[in-house]
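*Asks:* One structure, pasted below without further comment.
The values are calculated or read from the model by the stated rules, or taken from the named source; none is laboratory data. If you're wondering where the values come from, they're calculated on a predicted model, not measured in any experiment. Don't worry about glycine lacking a Cβ; one is built from the backbone with ideal geometry, like all the others, and counts go over all protein chains shown.
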Amino acid sequence: MRFRAALRAALAAACGLALAAPVAAQTIKIGSVLTLSGPNATLGENMDKAIKLYMKTHELLPPGVKIDLITRDDGGPNPDKAKQLVQELIVRDKIQFLTGLTWTPNAMSTAALCTEAKVPMFIMNAGTSVITTMSPYIARFSFTLWQSTYPLGEWAGKKYKTAYIAVSDFGPGHDSEAAFEKGFTDGGGTIVGKVRIPLANPDFVPFMQRAKDAKPDVVFAFVPAGKQATAIMKAYGDLGMDKAGIKFIGPGDLVTDEELPNMGDVPLGVLTVHHYSAAATRAANKAFISAWKKEYGPNSTPSFMSVGAWDAMDAIYYVIREQNGKIDPDKTMALLRNYKNPNSPRGPISIDPETRDIVQDEYLREVRKVNGQLANVEIETIATAVKDPWKEFNQKK
Ligand code: PHB
């Protein structure tokens with residue numbers, strides 16, 4: 001009997017151990033809202049690939065800590081759909097972190113939900129300056145349009161006399177219009193006209209025709225990266241604007257790396273300012289590109305959105321490690337305020353502790369042929385450790 005009792009006790013203890021193991025393990029739930037279908041699907045796909053590649057190549061979590069990544073497709077710039085998805089992720093799936101957020105309208109419609117539920121939002125793309133002021137639970141790992149476009153404007157205002165501005169009619173377009181106009185006029189140039197282009201299914205030809213008719217030295221344009229960039233480049237080429245001597249400039253969205261092979265030779269000589277080029281030769285980028293090509297094939301190229309996703313994942317892993325897997329939203333935000341990475345593929349980055357927005361270098365780039373293929377060649381670092389200029393000018397925290 002004694003033996004049996006002892007056996008029973010031993011069995012119970014073993015069962016207890018077996019039960020205890022999964023209790024000790026922590027699963028961190030991360031909701032990722034991306035555009036994975038519709039005309040802008042490649043944007044989210046390039047972010048999703050970076051998320052998966054980061055997770056595959058970084059096994060740096062505390063023992064027993066696992067990540068459950070729950071990915072949802074918002075179908076495009078669709079604030080109502082994004083809100084519904086994030087609500088479900090918070091209420092039903094009980095996510096601890098929200099990430100993705102390809103589009104400004106989608107980040108804006110979900111900001112209040114993150115505040116209410118205390119779910120930190122790690123923005124991988126959406127670039128309108130005001131977003132980070134909409135919730136104390138937001139940190140941004142991408143860029144703001146002001147960051148690239150204000151220095152571009154200042155540089156261009158010294159080099160060219162006149163400019164025409166063409167932007168997509170939504171948040172980041174409005175920001176880039178204001179930033180370029182301020183930079184260009186601060187630099188000494190004159191704006192001779194501007195136009196806003198509908199975001200959905202645009203035909204760029206009539207808008208670019210207006211720009212051509214204004215006979216500026218340069219056309220500045222912002223449209224969402226991906227297929228829209230290729231379409232506006234085609235309109236520029238088809239209207240013979242390059243042959244008419246009108247330069248085409250913009251933020252890097254205009255010549256997004258993954259679309260260059262689809263643009264023919266039209267973009268040769270296009271000048272842009274941006275924080276990331278797949279052609280950058282710094283060691284961290286070479287390692288990133290080589291890991292990417294190994295995983296996704298020699299013809300696949302990551303975009304700046306991939307790098308936004310990669311760096312946000314690095315920050316997610318950092319806050320998980322620092323908290324040993326036991327996540328507290330306020331601790332997470334405190335940690336993010338001091339997040340730094342000297343070795344992002346884009347160069348050194350940090351989070352501004354005051355605004356929770358990214359601080360990074362901006363490069364002047366030119367589209368050139370490298371080994372027979374178009375590439376955004378970084379010519380110079382035009383500004384270092386750039387904080388969001390909109391917040392600097394408006395003193396908004
Ligand atoms: C945005 O919605 O903030 C956005 C979308 C596409 C871009 C850049 C910014 O290329």
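*Asks:* Every residue in the range 95-112 that is among the β-branched types (Val, Ile, Thr), under 20 Å from VAL319 (Cα atoms) and either within 15 Å of the ligand (Cβ to nearest atom) or in a strand (DSSP E or B) (or both), please.
*Replies:* Scanning the range 95-112 gives a single hit, THR99.
*Asks:* Looking only at the range 88-112, which residues are within 28 Å of HIS174 (Cα to Cα) and polar (S, T, N, Q)? Outline the logic, then answer.
*Replies:* Narrowing the range 88-112 to residues within 28 Å of HIS174 (Cα to Cα): 98-112.
Hits for the range 88-112 are THR99, THR102, THR104, ASN106, SER109, THR110.
*Asks:* Limited to the range 340-363, what total is found for residues that are part of a strand (DSSP E or B) and surrounded by fewer than 21 Cβ atoms within 10 Å (Cβ to Cβ)? Give the steps one after another, and end with the answer.
*Replies:* Step one: of the range 340-363, the residues part of a strand (DSSP E or B) are 340-344, 347-351, 358-363.
Those left that are additionally surrounded by fewer than 21 Cβ atoms within 10 Å (Cβ to Cβ): 340-343, 348, 350, 359, 361.
Qualifying residue count, the range 340-363: 8.
*Asks:* May I ask you to list the residues in the range 364-397 that are touching a Gly at 6+ places or on another chain (Cβ under 8 Å) and buried (at least 20 other Cβ atoms within 10 Å of the Cβ)?
*Replies:* Within the range 364-397, ARG365, VAL367, ASN376 meet the criteria.
*Asks:* If you don't mind, there's one more thing I want to ask. Counting only residues that are of a type in the set (A, V, I, L, M, F, W, C) and either closer than 16 Å to SER142 by Cβ or outside the structural domain of ALA112 (by TED's automatic domain parsing) (or both), how many does the range 33-81 have?
*Replies:* Keep residues of the range 33-81 that are of a type in the set (A, V, I, L, M, F, W, C), which gives 33-34, 36, 41, 43, 47, 50-51, 53, 55, 60-61, 65, 67, 69-70.
Within this subset, residues satisfying the condition of being either closer than 16 Å to SER142 by Cβ or outside the structural domain of ALA112 (by TED's automatic domain parsing) (or both) are 33-34, 43, 47, 50-51.
Qualifying residue count for the region: 6.
*Asks:* Moving to a separate point now. Please specify each residue of the range 180-196 satisfying the condition of being surrounded by fewer than 22 Cβ atoms within 10 Å (Cβ to Cβ) and within 16 Å of the ligand (Cβ to nearest atom). Reasoning before the result, please.
*Replies:* Of the range 180-196, the ones surrounded by fewer than 22 Cβ atoms within 10 Å (Cβ to Cβ) are 181-182, 185-188, 190-196.
Selection gives ARG196 alone.
*Asks:* Here is a further query. Could you please give the count of residues in the range 53-77 that are free of Cβ contacts under 8 Å to residues at least 60 places away in the same chain and within 20 Å of the chain's Cα centre (by Cα)?
*Replies:* So the answer is 8.
*Asks:* Would you confirm whether or not the range 224-246 contains a residue that is closer than 29 Å to THR102 by Cβ and acidic (Asp, Glu)?
*Replies:* Yes: one or more hits.
*Asks:* Right, here's the next one. Does VAL167 count as in a strand (DSSP E or B) and within 16 Å of the ligand (Cβ to nearest atom)?
*Replies:* Details: in a strand (DSSP E or B): yes; within 16 Å of the ligand (Cβ to nearest atom): yes.
Criteria met by VAL167.
*Asks:* Considering only residues that are closer than 28 Å to SER37 by Cβ, outside any loop (DSSP other than H, G, I, E, B) and either hydroxyl-bearing (Ser, Thr, Tyr) or within 23 Å of the chain's Cα centre (by Cα) (or both), which ones fall in the range 181-235?
*Replies:* Across the range 181-235, the qualifying residues are ARG196, ILE197, ALA221, PHE222, LYS227, GLN228, ALA229, THR230, ALA231, ILE232, MET233.
*Asks:* So which residues in the range 119-137 are more than 13 Å from the ligand (Cβ to nearest atom) and closer than 16 Å to SER350 by Cβ, if there are any at all?
*Replies:* Hit for the range 119-137 is PHE122, nothing else.
*Asks:* Would you mind stating whether GLU177 is closer than 18 Å to PHE393 by Cβ, more than 16 Å from the ligand (Cβ to nearest atom) and surrounded by 16 or more Cβ atoms within 10 Å (Cβ to Cβ)?
*Replies:* Values: closer than 18 Å to PHE393 by Cβ: yes; more than 16 Å from the ligand (Cβ to nearest atom): no; surrounded by 16 or more Cβ atoms within 10 Å (Cβ to Cβ): yes.
No.
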